[in-house]
Amino acid sequence: MMPATLPKFPILETAAALGISIDGRQAHCFNAASHSDGKDTNPSLVFFPDSNRYKCFACGVRGDAIDLVRAVRGLRFQEALAWLNAKFPHAAAAGLAFNPQVDSKPPASKAFSVPDERAVEVYAALYAKCYEVAPFTPAGEYLIGRGLDLDLANEYLVGELYNPQEAREALGEKFSIDQIRAAGLVSRAGNFLFARHPLLFFYFNDGYPVYIQGRDITGNATCKELSLSGLCSPVPYNAALIATQPERVCLCEGCIDTLSALQMGYPAVGVPGVRGFRPEWFTNFQGISQIDILFDNDTAGQQAAVELKSLFLQRGQKAKILRPRNVNDMNDLLLSKLHGGEL
Ligand SMILES: [Zn+2]
């Protein structure tokens, strides 16, 4: 079990142990690749020894020692904690005993990077090539099969590419291949990322599309869901809800589940995958009095839910884990409600 309070690791010493060169309380940002000019000429990363936290005044990354180790080393929470425990045995001993169970899964993203303004330009152009979903379109039929209301899907700006190749060519006329690649839209094999995933979920921030996930609607693709190559989202899915300062927010796993929850009346936002919650998002949730975690009712979902709940608690926020009873996830719950299932 994870303790409710974690050891307090000294932030300056942690940064030094990570090889960050500190001048006074400042350093060059480790996330400089995401700055608008791609560098951090004047050190923007500031450390706060009193609270053992850091913040970059250029890109906004912030967090505590554990977040710093995760971001710089590309480690998962428990791996970062183990690393810190080894480096600072005194701090570890002063905290509660903690026995990390490091699992063998690779971290969600090795390099910490969110799409920059030039990537957002590409996403906006791609969004312009998308159509609304309709009952007669492949993506529309797929969503109807999942019980989703197409008006709701369109309200949340779900997009469909009728012709992915044509969209790719249109992007190529407007942007260089380097810009398209830097926007995460080129697959490892060198193809257009969404060539076989024409149903697109756009993550918006302040009205701009800042992240995209694509979905296979045929069942033939190796991977049913695709995220941008090498990038993580700066905001949860449906971040606009958080901007309204709601009293309650439900955290769902993936866009389909988020839309399913919204359709059932839950005030929902989504994480891109079960491990997709980013440490820099916590500040967005400050002031929300009720946070409900509604991840999948399987081992991976419930483990991630317990971990996330603990991370909220570590930041002084309570979160509750809700499990959709008798079904695996929120989309199943929606389907069973539509089909008159008793839950
Ligand atoms: Zn920065």
For a quick check of your reading: which helices (runs of 4 or more DSSP H) sit entirely within the stretch 112-187 and have at least 2 residues that are more than 30 Å from residue 31 (Cβ to Cβ)?
138-145, 150-155, 164-174
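Considering the stretch 192-222 alone, what residues qualify as being under 18 Å from the mean Cα position of the chain (by Cα), under 25 Å from residue 162 (Cβ atoms) and part of a loop (DSSP other than H, G, I, E, B)?
Narrowing the stretch 192-222 to residues under 18 Å from the mean Cα position of the chain (by Cα): 200-215.
Cutting the leftovers down to under 25 Å from residue 162 (Cβ atoms) gives us 200-204, 207-215.
Scanning the stretch 192-222 gives a single hit, 207.
Given the options 302, 263, 286, name the one that is touching an Asp or Glu at 6+ places or on another chain (Cβ under 6 Å) and surrounded by fewer than 24 Cβ atoms within 10 Å (Cβ to Cβ). Steps first, please.
On the way: 302 fails: touching an Asp or Glu at 6+ places or on another chain (Cβ under 6 Å); 286 fails: touching an Asp or Glu at 6+ places or on another chain (Cβ under 6 Å).
When all the criteria are applied, what remains is 263.
I'm trying to understand the selection: among the residues of the stretch 63-85, which are away from the ligand (no atom under 11 Å from the Cβ), among the hydrophobic types (A, V, I, L, M, F, W, C) and open to solvent by less than 30 Å² (accessible area, probe 1.4 Å)?
Just the residues of the stretch 63-85 that are away from the ligand (no atom under 11 Å from the Cβ), to begin with: 63-70, 72-85.
Adding the requirement that they be among the hydrophobic types (A, V, I, L, M, F, W, C) leaves 65-66, 68-69, 72, 75, 77, 80-84.
Those that are away from the ligand (no atom under 11 Å from the Cβ), among the hydrophobic types (A, V, I, L, M, F, W, C) and open to solvent by less than 30 Å² (accessible area, probe 1.4 Å): 65, 66, 68, 69, 77, 80, 81, 84.
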Are any of the residues in the stretch 38-50 modelled with pLDDT under 90, among the small types (Gly, Ala, Ser) and within 13 Å of the ligand (Cβ to nearest atom)?
yes
Among the residues of the stretch 174-217, write down those that are more than 17 Å from residue 115 (Cα to Cα), in contact (Cβ under 8 Å) with a residue 24 or more places away in the chain and open to solvent by 40 Å² or more (accessible area, probe 1.4 Å).
174, 188, 195, 196
Quick one: residue 160 ticks every box in (1) over 16 Å from residue 229 (Cα atoms); (2) open to solvent by 10 Å² or more (accessible area, probe 1.4 Å) bar one, so which box is it?
(2)
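Where residues in the stretch 26-37 are polar (S, T, N, Q) and buried (at least 18 other Cβ atoms within 10 Å of the Cβ), which of them is farthest from the ligand (Cβ to nearest atom)?
Let us first name the residues in the stretch 26-37 that are polar (S, T, N, Q), namely 26, 31, 34, 36.
Filter again for buried (at least 18 other Cβ atoms within 10 Å of the Cβ), leaving 31, 34.
On the way: 31: 4, 34: 7 Å.
Per the stated criteria, the residue is 34.
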Report those helices (runs of 4 or more DSSP H) wholly inside the stretch 253-343 carrying at least 2 residues which are without any contact (Cβ under 8 Å) to a residue 12 or more places away in the chain.
299-314, 330-338
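Run down 180, 144, 212 and say which single residue is touching a Gly at 6+ places or on another chain (Cβ under 9 Å), aliphatic (A, V, I, L, M) and more than 14 Å from residue 255 (Cβ to Cβ). Steps first, answer last, please.
Details: 144 fails: touching a Gly at 6+ places or on another chain (Cβ under 9 Å); 212 fails: more than 14 Å from residue 255 (Cβ to Cβ).
Of the residues listed, the single one that is touching a Gly at 6+ places or on another chain (Cβ under 9 Å), aliphatic (A, V, I, L, M) and more than 14 Å from residue 255 (Cβ to Cβ) is 180.
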Which one of the conditions (1) within 15 Å of the ligand (Cβ to nearest atom); (2) in a loop (DSSP other than H, G, I, E, B); (3) more than 28 Å from residue 306 (Cβ to Cβ) does residue 60 fail to meet, given that it meets all the rest?
(3)
Looking only at residues that are without any contact (Cβ under 8 Å) to a residue 40 or more places away in the chain and open to solvent by 20 Å² or more (accessible area, probe 1.4 Å) in the stretch 233-251, which one is farthest from residue 281 (Cα to Cα)?
244
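The values are calculated or read from the model by the stated rules, or taken from the named source; none is laboratory data. It should be emphasised that the depicted structure is a prediction, and the values quoted were computed from it without experimental measurement. Note that we place each Cβ from the backbone using ideal geometry, even for glycine, and neighbour counts take in every protein chain shown. Each accessible area value is taken on the protein alone, full model and side chains, heavy atoms only, with ligands, DNA and RNA left out. Shrake-Rupley method; radii C 1.70, N 1.55, O 1.52, S 1.80 Å.
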